[in-house]
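A.B. asks: My structure is below; once you've seen it, I'll send some questions.
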Amino acid sequence: MPTATTAIPIHGPVDLLTRLDSSDPETKLKALREIKNQIIGNRTKKLSFLKLGAIPAVASILSSSAAEADSQLAHADVSINNIIVQSAAILGSFACGFDAGVRAVLDAGSFPHLIRLLSNPDEKVVDASARSLRMIYQSKLAPKYEFVQENNMEFLISLLNSESENVTGLGASIITHSCETSAEQRALCDAGVLKKLISLLEGSLSQKNASLESLTAVFKNNPEVISKFAGLENERAVEGSLSQRDASLESLATVLKNNPEAVSKFVGPESASSLGSIVELTKDRYLRTRLLACTCLIVIRNASPNYLQDIGIKNKLVYLLLELLDDPGQVGDEASFVFSSLVAEKEDLQKLAFEENAISKFCNQLQKGQLHPRRLQGILLALADLCSKLESCRLTFLSLKVLNQVIDALTHDCADVRISACICLRSVTRSIKNLCAGYFMNEMLVIPLVRLLDDPSVSVQVAALGAISNIVVDFTTRKSTFIQCGGVKQLVQLTKSMDSTVRFNALWALKNIIFLADDRCKEGILLELSGSLLASLICDPEPCVQEQALALVRNLVDGCIKSIEYAFAEDSILLDAVGRQLHKVSHEVGIQGMYLLCNVASGNEFHKEAVMQQLLAQADNGAESFVVKFLQSSDSRLRTAAVWVIVNLTSPSCLGAFSRLVKLKNAGIISQIRSMVNDPCLDVKLRVRTVITHLSYASGLFANLGNLLSDPVVVYKNLVFGCDDKNKSPRLLVTKEFVLSLYETLEMSVTPDLPYPVGIVHGPDVEIVGSCYTCNRITHYNDDVDAWIPIQKETETSVDMYRLRMDSLWKLDAILPGTCFYPPPVYHFGQNGTYYWRLWAFLLRPDGGELEKSFDICVLLEPGVKESWTELFSIGPVVGSKNPPGFWTNEEPVSETTGGDLLICDPTTQETKTVQVDVVSDTIFILS
Amino acid sequence: MPVRVVETSSSSSSSAPAQLSGENSSGHTSPPVCTLLTVGQAFSGTQNVSSLQKDEAWRVNVRIQGCDLDHGYLCGTMEALNVPMADTPVVTFWEGEIVDGKNYTFFTGKWEASPEDDIRHWTKFPSFQPFLEQVKVDGGKALDLISYPYIFMRWKEQYFVNVGTDCGLTIAGFYYVCFSCTDGSINGFYYDPNSSPFQKLELKSTNEGRSGFSFSSYELQ
């Protein structure tokens, strides 16, 4: 026969929920109590009650009971109040540390009822409601409290003024949760909140901690608020109750966070006591209060770098936080995060922490294994920050053999841990020395990282891409490790992501892989990427993606000259995309684009002409070329990149240099470059001068090319007629730049003339201005267009240097493979104004190693008659000689040596002599 | 570039490796940024290793692999081509200290180099002349080198990349280096109390068969 059990019945959730519906207040109250007791601190129970719809049921009891209590006014039934207290407590429990609970409580509409109950005459009701609201405000899901709306500030102050610990704690929690902008920080400060929060530092532990949290929020990045805080007379003792102090510390930190103005007011001259009270709390016997005080101080320090800078406090914070790390509980877990906020981006503090053995302390923790995910995450982030700047930290980290633990964390269940493991690896792999040694490129590290590229969390993918970007910078031949484990395929997939951050980071990694990669690697990557995808990424809506795509192509076309062809694949799809994009880009994107064009322009004639086309595409329509805009940029890096393109396009060793110069001049680019000869950036200035040297080559004169191009007649006259006066002493102007900034004029003696050529037909409008070993270019000056117009090679008028010197050239070429001839024509105008004749300097420029050169001096006796070329004599071989910049008016060929001295050859004796002038290379110009 | 081990030389590890300075970078101004001295750039030339017995020069290639101007740091590899006792070119990894007055001065303060050794080597570079007097005083701490078209450095080889340490070569010494921002040429003098003095390193910027300059880059995250 069955008998009744004598044990106290424990009701199941369903049963309890049924009882909530009871009309008997006593049954209802009991059910509420039982639910409260079952769910307190029990996440599983919370979840099962939540699923059964307990929250709307309790919320409805709360609202109906609250309405009933309202109707009874001051004489509310005790049992109703008890029901309210229990319901509020249940809702608070559901909201405590359980986001799903918070969401359900908010959805059930309890929030306004709880707020209203704060004005209930029954203290217990107020207390329970305040506690519940506090729980809600500790979640991110809580609605934002608008401080500046109507009576909200007054209401907040009334909360902070309350006698009840839970109510003041609620006020502090509201601040911690909702104070975000500097305007809000200021408003709170002006409303006297700081004073209240400081007074809470005397309160209970909970109030103190809540206050510290709010202060942290109010101070963040706001020195103004901090300075006001500092100005407060704060003579209160700090022995208030623990809870009050903690609440106060938290709020303080909120008020000061990221607010340098607030910080400065807080720690102003009279404020030693305010700041002192927080410093004092770092010695509190309660660990959590210590941690909160540290947080608050760090917020002040980070917002206003003027305060708390002395080495003592820095040391103290480092020491305290490392000590708190030993706490096995939540304080120990959080200590690493606070430590990170102390050292992040601050090299001095990283160094200090390094000296305090922080690295080994964190590494020891890591070696303990089986860490709580939150602690593991914090430790990895702290190590990441410590190793972010200093190589010494990275080397110590690597020496402590914890890399395996970090690699294990890459596969941790918790996404936050995986992310922080990636961030830690990203910092450690900044060690160039270890990268160069190929230390990180191994399967143990690369395979789990590549797997994370498939992670369901985008944040994990991005973090993994960060570490991969560094690891693939590999100077050994191990890039294949990454390719073989499918890394490149994955990266290419990610460049198609909808998320621009993922595209950006995937391209970054690919760019780093392609850096100095061999052809096979480049081909493989391009095959995977395809020109069309890459072109679409160059035109991506996000500038940061464009920048990385351009940087990738820049690296792709660097290296062996064959690589330039990649830019021309698929009908030049890449190059065209670059040209289109550069008309409308930011500085950063422009820099990469210009270096890309620079690299293409370092190729052959075809490559250079293709770049010209891109540069001048718009200029042809009358618009200003983007190059001019870039050259005028305020960003010196962009100016430098732009000038490099022009340096390559005008390199005088190339056939088409002169015609390109004319086009660049017509597009206004040359005049822009000329105006930059004294650019404030040294790098720009030096490249501009290189272009100007090229201009001189191209015009056939080592004179001021700007003058030549802008007014060739003037130069012509000076050159031809300036030499008429035999009584005038020939002059040489030597520019001594940088070292002494002096100009010196050297006087030269006149030597006997060379025999003048005969039968020359004088043609002042025809000049030979350029040449290479295969042909000469003849130009004439055209007044109508104010330019030197190249006449293309024609059989009758061309002077073929190659054939003329064929024997010698062949011979020399065979002796020195790779030799290139560098024959800038050097003009010489006879001293008799009616004649003029030209001397050709024939310069052999050896390729590396071999430093001896010879010059052949020839004279063209009859323009257009190639047979009339006559070799006068050879100079050399001489050591260290550079291109001959010209001739004295006394016919002595002059050359500049690599040491910056002048080499002068006497044509009558054919002897050479060196004149010590000690100038910077390529700066010697000869004037008439 | 490694040189032959001389009988009297003890080992290649007689000096501490270069460490990055951990100086606070606040108020620090970076040295001039020269595009010819950036990662990926290559140089080639010779090092004169002549001794009393024999005139000899080895061909050398250098590539810049890392650069951190805020810390005055540069690194790369150096490849010595016709080393008599090696079958293949010998590659070493070196780290450089850029003399910027902040991270590093003209005084080496290590690697067995006294201030007198330093000055004796630096004065071999004509472009050093304007600084001589000041350097004698304080190593050049107060000098403004930012707008100067030469960059002075010390390069210290750290390890052999492709040969063992038993290859009969030493990297015990270091180089005093002067880089010209104008044309990217590099002059240097190898200093090792146990090797022939003033072995001259002469390098020029190379462009790998191109008619112009080409620049690639990587960035660490």
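The values are calculated or read from the model by the stated rules, or taken from the named source; none is laboratory data. Here the structure is a predicted model, which means the values were calculated and not measured. Neighbour counts are summed over all protein chains in view; Cβ atoms, including those assigned to glycine, are modelled from backbone coordinates with ideal geometry.
A.B. asks: State all residues of the range B:39-50 that are at the interface with another protein chain (Cβ under 10 Å from one of its Cβ atoms) and within 14 Å of residue B:206 (Cβ to Cβ); if no residue qualifies, say none.
C.D. replies: Applying the first criterion (at the interface with another protein chain (Cβ under 10 Å from one of its Cβ atoms)) to the range B:39-50 yields B:39-40, B:42, B:44-46.
Matches in the range B:39-50: B:40, B:42, B:44, B:45, B:46.
A.B. asks: Only one of (1) away from chain A (no Cβ under 14 Å); (2) under 23 Å from residue A:681 (Cβ atoms) fails for residue B:102. Which number is that?
C.D. replies: Going through (1) away from chain A (no Cβ under 14 Å); (2) under 23 Å from residue A:681 (Cβ atoms) one by one, residue B:102 breaks only (1).
A.B. asks: Got a number for residues in the range A:590-604 being touching a Leu at 6+ places or on another chain (Cβ under 6 Å) and either more than 10 Å from chain B (Cβ to nearest Cβ) or of a type outside the set (S, T, N, Q) (or both)?
C.D. replies: Total satisfying the criteria: 5.
A.B. asks: Turning to a different aspect of this structure: Report, by residue number, each residue of the range A:168-203 that is among the hydrophobic types (A, V, I, L, M, F, W, C) and surrounded by fewer than 24 Cβ atoms within 10 Å (Cβ to Cβ).
C.D. replies: Scanning the range A:168-203 gives A:183, A:187, A:191.
A.B. asks: Here's another thing I want to ask about it. It is to be established whether one or more residues within the range A:449-463 are in a helix (DSSP H, G or I), touching a residue at least 24 places away in the same chain (Cβ under 8 Å) and over 20 Å from residue A:494 (Cβ atoms).
C.D. replies: No: zero hits.
A.B. asks: Please work out which one of (1) of a type in the set (Gly, Ala, Ser); (2) more than 14 Å from every other protein chain (Cβ to nearest Cβ); (3) crowded, with 18+ Cβ neighbours inside 10 Å is the condition residue B:185 fails and give its number.
C.D. replies: It is condition (2) that residue B:185 fails.
A.B. asks: When residue B:36 is evaluated against the numbered criteria (1) crowded, with 16+ Cβ neighbours inside 10 Å; (2) modelled with pLDDT of 90 or more; (3) more than 14 Å from chain A (Cβ to nearest Cβ), which criterion, by number, is the only one it fails?
C.D. replies: Evaluating residue B:36 over (1) crowded, with 16+ Cβ neighbours inside 10 Å; (2) modelled with pLDDT of 90 or more; (3) more than 14 Å from chain A (Cβ to nearest Cβ) leaves (3) as the failure.
A.B. asks: Has the range A:436-452 got any residue that is within 12 Å of chain B (Cβ to nearest Cβ), among the basic types (Lys, Arg) and either more than 26 Å from residue B:70 (Cα to Cα) or crowded, with 22+ Cβ neighbours inside 10 Å (or both)?
C.D. replies: No, the range A:436-452 contains no residue that is within 12 Å of chain B (Cβ to nearest Cβ), among the basic types (Lys, Arg) and either more than 26 Å from residue B:70 (Cα to Cα) or crowded, with 22+ Cβ neighbours inside 10 Å (or both).
Matching residues to (1) without any contact (Cβ under 8 Å) to a residue 60 or more places away in the chain; (2) closer than 18 Å to residue A:189 by Cα; (3) out of contact with any Lys or Arg (no Cβ under 6 Å at 6 or more places or on another chain):
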position: A:136; (1), (2), (3): yes, no, yes
position: A:143; (1), (2), (3): yes, no, yes
position: A:156; (1), (2), (3): yes, yes, yes
position: A:168; (1), (2), (3): no, yes, yes
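A.B. asks: If you check A:557, A:545, A:553, A:585, which single one turns out to be out of contact with any Lys or Arg (no Cβ under 6 Å at 6 or more places or on another chain) and more than 14 Å from every other protein chain (Cβ to nearest Cβ)?
C.D. replies: Sole residue among the options that is out of contact with any Lys or Arg (no Cβ under 6 Å at 6 or more places or on another chain) and more than 14 Å from every other protein chain (Cβ to nearest Cβ): A:585.
A.B. asks: Of the residues A:581, A:613, which single one is touching a residue at least 12 places away in the same chain (Cβ under 8 Å) and more than 21 Å from residue A:547 (Cα to Cα)?
C.D. replies: Only one candidate passes the filter, namely A:613.
A.B. asks: Here's something else I'd like to know. Is the range A:566-578 home to any residue that is more than 9 Å from every other protein chain (Cβ to nearest Cβ), closer than 23 Å to residue B:207 by Cα and of a type in the set (Ser, Thr, Tyr)?
C.D. replies: The answer is yes, given that some residue of the range A:566-578 is more than 9 Å from every other protein chain (Cβ to nearest Cβ), closer than 23 Å to residue B:207 by Cα and of a type in the set (Ser, Thr, Tyr).
A.B. asks: Sticking with this one: May I ask you to list the residues in the range B:146-177 that are in a loop (DSSP other than H, G, I, E, B), within 11 Å of chain A (Cβ to nearest Cβ) and hydrophobic (A, V, I, L, M, F, W, C)?
C.D. replies: B:146, B:161
A.B. asks: Got at least one residue in the range B:207-221 being under 18 Å from the mean Cα position of the chain (by Cα) and more than 16 Å from residue B:113 (Cα to Cα)?
C.D. replies: No, the range B:207-221 contains no residue that is under 18 Å from the mean Cα position of the chain (by Cα) and more than 16 Å from residue B:113 (Cα to Cα).
A.B. asks: Now, a different point. Here is a list of conditions, (1) surrounded by 19 or more Cβ atoms within 10 Å (Cβ to Cβ); (2) in contact (Cβ under 8 Å) with a residue 60 or more places away in the chain; (3) closer than 24 Å to residue A:515 by Cβ, and residue B:73 meets all of them except one; can you say which number that is?
C.D. replies: Among (1) surrounded by 19 or more Cβ atoms within 10 Å (Cβ to Cβ); (2) in contact (Cβ under 8 Å) with a residue 60 or more places away in the chain; (3) closer than 24 Å to residue A:515 by Cβ, the lone unmet condition for residue B:73 is (2).
A.B. asks: What helices (runs of 4 or more DSSP H), lying completely within the range A:299-418, carry at least 1 residues that are within 14 Å of chain B (Cβ to nearest Cβ)?
C.D. replies: Helices (runs of 4 or more DSSP H) meeting the threshold: A:311-324, A:330-343, A:347-355, A:358-367, A:373-386, A:391-399.
A.B. asks: Next question, about the same structure. Scan the range B:66-81 residue by residue and report those that are part of a strand (DSSP E or B) and either of a type in the set (Gly, Ala, Ser) or touching a Leu at 6+ places or on another chain (Cβ under 8 Å) (or both).
C.D. replies: Selection gives B:66, B:67, B:68, B:73, B:74, B:76, B:80.
A.B. asks: What is the one condition in (1) part of a helix (DSSP H, G or I); (2) closer than 14 Å to residue A:555 by Cβ that residue A:517 does not satisfy?
C.D. replies: Among (1) part of a helix (DSSP H, G or I); (2) closer than 14 Å to residue A:555 by Cβ, the lone unmet condition for residue A:517 is (1).
A.B. asks: Identify, from the list B:95, B:133, B:116, the residue that is under 30 Å from residue A:439 (Cβ atoms) and either of a type outside the set (A, V, I, L, M, F, W, C) or within 14 Å of another protein chain (Cβ to nearest Cβ) (or both).
C.D. replies: B:95
A.B. asks: Which of the following residues is surrounded by fewer than 22 Cβ atoms within 10 Å (Cβ to Cβ), on the phi < 0 side of the Ramachandran plot and not hydroxyl-bearing (Ser, Thr, Tyr): A:55, A:115, A:90, A:84?
C.D. replies: A:115
A.B. asks: Name the single residue that is farthest from residue A:431 (Cα to Cα) among those in the range B:78-90 being buried (at least 19 other Cβ atoms within 10 Å of the Cβ) and within 13 Å of another protein chain (Cβ to nearest Cβ).
C.D. replies: Per the criteria, the residue is B:79.
A.B. asks: If we keep just the residues of the range A:674-688 that are touching a helix residue (DSSP H, G or I) at 6+ places or on another chain (Cβ under 7 Å) and loosely packed, with under 15 Cβ neighbours inside 10 Å, which is farthest from the other protein chains (Cβ to nearest Cβ)?
C.D. replies: A:677
A.B. asks: Identify the residue in the range B:51-70 that is in contact with a Gly (Cβ under 6 Å, 6 or more places away or on another chain) and facing another protein chain (nearest Cβ under 10 Å) and, among all such residues, is surrounded by the fewest Cβ atoms within 10 Å (Cβ to Cβ).
C.D. replies: B:63
A.B. asks: Further question on the same structure: Is it true that residue B:201 is within 14 Å of chain A (Cβ to nearest Cβ), in a strand (DSSP E or B), in contact (Cβ under 8 Å) with a residue 12 or more places away in the chain and of a type in the set (A, V, I, L, M)?
C.D. replies: The answer is yes for residue B:201.
A.B. asks: Here's a follow-up. Could you please give the count of residues in the range A:503-522 that are more than 14 Å from every other protein chain (Cβ to nearest Cβ) and either more than 20 Å from residue A:578 (Cα to Cα) or polar (S, T, N, Q) (or both)?
C.D. replies: Kept after step one, since they are more than 14 Å from every other protein chain (Cβ to nearest Cβ), are these residues of the range A:503-522: A:503, A:520.
Filter again for either more than 20 Å from residue A:578 (Cα to Cα) or polar (S, T, N, Q) (or both), leaving A:520.
Within the range A:503-522, residues that are more than 14 Å from every other protein chain (Cβ to nearest Cβ) and either more than 20 Å from residue A:578 (Cα to Cα) or polar (S, T, N, Q) (or both) number 1.
A.B. asks: Report yes if some residue within the range A:366-380 is among the small types (Gly, Ala, Ser) and more than 22 Å from residue A:467 (Cα to Cα); otherwise report no.
C.D. replies: The initial filter retains those residues of the range A:366-380 that are among the small types (Gly, Ala, Ser), namely A:369, A:378.
Narrowing further to those that are more than 22 Å from residue A:467 (Cα to Cα): A:369.
Scanning the range A:366-380, I find at least one residue that is among the small types (Gly, Ala, Ser) and more than 22 Å from residue A:467 (Cα to Cα), so the answer is yes.
A.B. asks: List the pairs whose first member sits in the range B:109-128 and is at positive phi, whose second member is not hydroxyl-bearing (Ser, Thr, Tyr), and whose Cβ atoms are under 7 Å apart, counting only residues at least 6 apart or on separate chains?
C.D. replies: Listed by first residue and then by second, the contacts come to B:111/B:156; B:111/B:174; B:112/B:193.
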